[in-house]
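This report concerns only the one structure given below.
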Amino acid sequence: MRCAQRDSQREHPYYTTQAVSRHLRQERQRNRYKKTVVKLSDIDLCGLGSFTDSECGFRINRYHLEEPWGYIYATREILLRVDQRGPDYVQFTPPTGTVLIRRERYQKHPSLLVWIRTENGKAFTNFWNPVINFDATREPGEFHCEYDISSATYHVAHEGLAVDSELIVALNDPVVILACRVSNNDIRKRTIEIIPLIRPHFAAASLAPWDVPSLYQTVAYSNDIGPLFEMELRSPAGIPEERKYGFVLVDINEPDSAEVDYARFIGNGSFEHPEFTMTVPARELFRFGERTAKNACQGVPCVAAISKTLSLEPGESFELSLAIGTTAGFTEGKKPTRTQVERLRRYLDSSARQHARESYASSIRASIEARRIASPDAAFSRYVNEWLPLQLRWVNILDRGWPTGMRGTRDSAQDTTALIPINPDEARSRICELFCVQRYDGWFPRQYSIMGPRGTHDLRFYVDAGAWVWELLFDYLRWTKDFKLLKLKVPFLDSTKKETVLDHALRIAEFYTARKNLGEHGLCKIREGDWNDSINRAGLEGRGESVMLSCQVVLLLKQAAYLLEWLDEHTDLVKELRRQAQHLTSSILRHALNDEGYLNGVFTDKREWVFSPSDPDGRRRISIPVNAWGIISGVLTGESCRRVIEILAELKQQDGWPLFTPPIGDPPIEKLGRIGQGDLLPGLGENGTPYNHGCHGFLGRAAACAKRGDLLFEVLRYMLPYDQTCHPVKRAKTPPYAVVNHWKTAPGLEGRGGDPFLTGSISTALRNVYDALFGIKPLFDCIAFDPCLPTNWSECSTSFYYLRSKLDVKYRQTNQDEYSLFLDGEPVEHKAIDWFGQTLTAIPDSALLPKRHACIEVTR
């Protein structure tokens with residue numbers, strides 16, 4: 001009955017219109033691609049800034065932007081966040097360690113800066129604002145800041161004075177360096193006062209409402225090893241081992257005075273307009289560790305400020321530098337020794353700063369050079385080669401920026417999956433960490449403590465995490481062939497009993513297929529949420545079902561059967577897993593595939609379908625993630641797949657494809673979640689916006705499965721931020737180099753980017769380039785190539801490492817339908833079968849292992 005219904009729909013005028021529309025759209029795409037494609041550095045950004053020729057380099061030309069345009073410098077020991085207004089955030093052991101400085105909400109100006117006070121009572125800082133007796137709303141006479149993988153630099157010039165600053169992160173020490181040069185570009189001699197200043201936050205990243213950080217803080221000035229501010233944070237919990245120490249070292253010779261008391265420093269003014277009261281006699285001897293009423297402040301808000309008055313002849317400059325941080329490797333809770341602190345003074349030397357720049361840049365370069373692409377689109381190639389792996393590094397170090405002491409299980413698994421080809425060792429470690437917080441019944445917490453099983457976890461009953469952990473493990477095995485990992489025994493969240501990683505992984509399948517976790521339609525229960533966090537009340541009563549999760553589980557079951565068959569283990573389970581996959585597929589098609597030919601999204605506790613042709617509020621909606629996963633999982637095949645991909649393609653709006661449309665909330669849909677009631681307003685977050693990860697990320701992956709190369713590339717163009725035909729900078733407001741979480745559609749905010757950098761869109765975009773566009777597909781004993789390229793790309797290439805071999809892969813397209821594979825000029829005849837049962841031409845691993853370098857051609 002269902003098949004007959006689909007055949008009749010094929011002649012429906014809707015689908016005839018779709019076919020014509022598709023033809024016209026493809027013709028427009030072909031014409032667009034014929035245009036000359038500019039380099040990333042040639043893109044016109046309305047004078048606000050430009051991509052530079054430096055690796056991951058960008059120059060900002062305006063101080064006053066509608067949104068901060070930031071950049072991140074991070075190691076496992078130190079985090080520095082900056083934007084065009086200067087440093088925003090410095091933290092030890094990110095993302096959960098002690099925060100040294102931070103801008104509070106609505107605070108525009110940095111808490112680390114250098115004041116330049118002139119002889120006529122005016123003042124500005126090395127980052128321009130705050131200013132005194134200048135118009136803060138105007139641009140300075142000259143301004144620009146530049147970011148690249150070695151440092152952030154700033155240039156400010158105004159009324160005859162120029163200030164050039166640089167912020168650097170040390171690779172092997174938790175240290176941030178600020179170097180500053182003040183130059184007299186005037187025709188007359190200038191007398192100025194230089195005041196380097198830091199207002200420390202110096203407290204935990206997340207504070208309880210009753211915390212008063214200053215009550216446990218001390219700042220003391222000493223100078224027996226050069227000007228130095230010692231900072232101590234004692235433990236509010238009364239645990240000496242939790243005490244923290246930080247230091248500010250300055251290379252100003254013979255400073256005039258200093259200050260450690262914040263209230264004295266600002267006087268009757270404010271941080272942005274202080275009175276500059278300096279009461280510590282900086283030339284009097286104060287020894288390291290000494291604390292007196294003269295040189296120390298404790299129990300009240302502190303500051304570290306030092307001043308020097310000097311005269312500069314025309315063309316003359318004055319240089320200073322600060323090293324802010326702590327010592328590496330000291331005993332937790334124990335104050336570093338004078339000798340340990342003294343070693344940090346080396347960062348005040350220009351040669352040490354140069355070494356810090358080069359070392360940090362080399363560490364980034366190792367990530368961005370691990371794999372490369374070359375395509376007819378130069379801007380696309382460079383963005384993929386440099387900016388995506390850089391941002392992937394940031395999200396992996398910073399757990400997408402949430403300083404909670406917990407990692408999102410889904411987030412961590414997704415981001416690590418993209419990291420496998422770049423850093424398989426880190427991926428292996430994360431897999432073990434994840435399985436240690438798995439519950440014995442196979443379920444994973446929504447978020448887990450970085451302290452391990454004994455920490456405090458987020459146990460809200462979201463149910464999708466296991467599917468992402470499975471995908472991480474499965475991809476890791478495909479890339480590394482590290483099957484020994486499966487025999488490693490690890491504990492559970494709620495049991496000290498240890499089982500192998502393979503047994504842990506199979507428990508994921510057991511959880512999803514357990515009768516208590518399947519609803520009345522035989523689909524996976526949604527409980528408190530699936531991938532779409534905002535659908536958080538559809539299954540609280542135990543009836544609601546998730547179609548997207550059900551599709552993910554179909555893929556999981558197919559891959560689990562494929563793995564066990566290859567391992568020749570649990571052979572009796574292979575047939576059962578495949579039977580379960582087929583049964584779940586049948587349930588999805590029987591109950592969720594609607595008469596318009598696409599999948600409904602969610603069945604709620606109220607026994608209503610949402611994201612359907614007729615939602616409870618009377619509107620028609622299509623969920624892109626749900627239907628994309630219907631294609632990705634192989635639930636939708638053949639004509640059903642073609643029909644759905646056409647329906648999804650037609651949903652495109654000005655800023656890309658929305659998660660669904662229209663947004664929800666007026667009238668509300670009961671028992672759906674925060675989007676159903678309108679608590680998350682329409683056009684914000686997940687409520688009907690181009691939510692980058694879910695709509696573009698999953699749609700791109702589905703387009704590859706459907707062999708729609710032009711659609712895949714078009715989706716990638718909207719997923720990435722730099723293309724000004726997709727996301728004009730005056731509309732998006734956010735940095736054109738920063739992948740965003742979503743683009744808003746709420747009135748007055750149309751097209752505005754939201755939550756740049758720290759998003760699952762980054763890892764998904766990378767996978768859509770290498771796994772989908774270039775079709776790199778490792779299997780358990782070979783590697784296949786199943787590309788999905790735009791029709792106008794006659795040639796392209798990629799290079800990457802696989803089993804310690806360097807593979808250079810060139811793609812050539814003619815008018816033939818099938819691809820041929822060549823290894824070092826010789827045709828490859830080996831065939832392999834993937835978990836869908838698809839036969840692929842593949843290169844056996846045995847043909848690559850002896851090689852250090854191999855040339856592969858994929859020709860159609």
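For Leu651, indicate whether it is open to solvent by 10 Å² or more (accessible area, probe 1.4 Å), in a loop (DSSP other than H, G, I, E, B) and either among the hydrophobic types (A, V, I, L, M, F, W, C) or at pLDDT below 95 (or both). Here the answer is yes, as Leu651 does meet what is asked.
Among the residues of segment 476-515, those identified as part of a helix (DSSP H, G or I), open to solvent by 30 Å² or more (accessible area, probe 1.4 Å) and out of contact with any strand residue (DSSP E or B) (no Cβ under 6 Å at 6 or more places or on another chain) are Thr480, Phe483, Lys484, Asp503, Arg507, Glu510, Thr513, Arg515.
Please tell me if Val114 is open to solvent by less than 20 Å² (accessible area, probe 1.4 Å), among the β-branched types (Val, Ile, Thr), closer than 22 Å to Leu398 by Cα and in contact with a strand residue (DSSP E or B) (Cβ under 7 Å, 6 or more places away or on another chain).
Numbers: open to solvent by less than 20 Å² (accessible area, probe 1.4 Å): yes; among the β-branched types (Val, Ile, Thr): yes; closer than 22 Å to Leu398 by Cα: no; in contact with a strand residue (DSSP E or B) (Cβ under 7 Å, 6 or more places away or on another chain): yes.
Criteria not met by Val114.
Are any residues in segment 619-635 in contact (Cβ under 8 Å) with a residue 40 or more places away in the chain, under 19 Å from Ile664 (Cβ atoms) and not in a helix (DSSP H, G or I), and if so, which ones?
Arg619, Arg621, Ser623
What tally of residues in segment 26-59 results from selecting those that are modelled with pLDDT under 95 and part of a helix (DSSP H, G or I)? Number of matching residues: 8. Candidates Leu803, Leu823, Leu849, Leu789: the one that is among the hydrophobic types (A, V, I, L, M, F, W, C), more than 23 Å from Lys558 (Cα to Cα) and open to solvent by 50 Å² or more (accessible area, probe 1.4 Å) is Leu849. Scan segment 112-124 and tell me whether some residue there is in contact with a helix residue (DSSP H, G or I) (Cβ under 9 Å, 6 or more places away or on another chain) and in a loop (DSSP other than H, G, I, E, B). For segment 112-124, residues in contact with a helix residue (DSSP H, G or I) (Cβ under 9 Å, 6 or more places away or on another chain) and in a loop (DSSP other than H, G, I, E, B): absent.
The set of residues in segment 147-163 that are open to solvent by 20 Å² or more (accessible area, probe 1.4 Å) and small (Gly, Ala, Ser) comprises Ser150, Gly160. Scanning segment 662-718 for residues that are in a loop (DSSP other than H, G, I, E, B) and of a type in the set (D, E, K, R) gives Asp666, Glu670, Lys671, Arg674, Asp679, Glu686, Lys707, Arg708.
Please specify each residue of segment 285-315 satisfying the condition of being touching a residue at least 60 places away in the same chain (Cβ under 8 Å), of a type in the set (D, E, K, R) and open to solvent by 70 Å² or more (accessible area, probe 1.4 Å). Write out each step before concluding.
To start, the set of residues in segment 285-315 that are touching a residue at least 60 places away in the same chain (Cβ under 8 Å) comprises 285-291, 295-315.
Imposing the further condition that a residue be of a type in the set (D, E, K, R) reduces the set to 287, 290-291, 308, 313.
Correct list: Arg287, Arg291, Glu313.
Determine, yes or no, whether Glu66 is closer than 27 Å to Ala732 by Cα, in a loop (DSSP other than H, G, I, E, B) and open to solvent by 10 Å² or more (accessible area, probe 1.4 Å). Talk me through it step by step, then tell me what you get.
On the way: closer than 27 Å to Ala732 by Cα: yes; in a loop (DSSP other than H, G, I, E, B): yes; open to solvent by 10 Å² or more (accessible area, probe 1.4 Å): yes.
For Glu66, the condition - closer than 27 Å to Ala732 by Cα, in a loop (DSSP other than H, G, I, E, B) and open to solvent by 10 Å² or more (accessible area, probe 1.4 Å) - is met.
Just for strands (runs of 3 or more DSSP E) wholly inside segment 786-842: which have at least 1 residues that are hydroxyl-bearing (Ser, Thr, Tyr) and touching a Gly at 6+ places or on another chain (Cβ under 6 Å)?
By residue number, no strands (runs of 3 or more DSSP E) qualify.
All of Glu275, Glu241 fail the test of being part of a helix (DSSP H, G or I) and either crowded, with 17+ Cβ neighbours inside 10 Å or in contact with a Gly (Cβ under 8 Å, 6 or more places away or on another chain) (or both), apart from Glu241.
The values are calculated or read from the model by the stated rules, or taken from the named source; none is laboratory data. This one's a predicted model, so the numbers in the text were calculated from it and none came from an experiment. We place every Cβ from the backbone using ideal geometry, glycine too, and count neighbours over all the protein chains shown. For accessibility, only protein heavy atoms count, side chains too; no ligands or nucleic acids. Shrake-Rupley method; radii C 1.70, N 1.55, O 1.52, S 1.80 Å.
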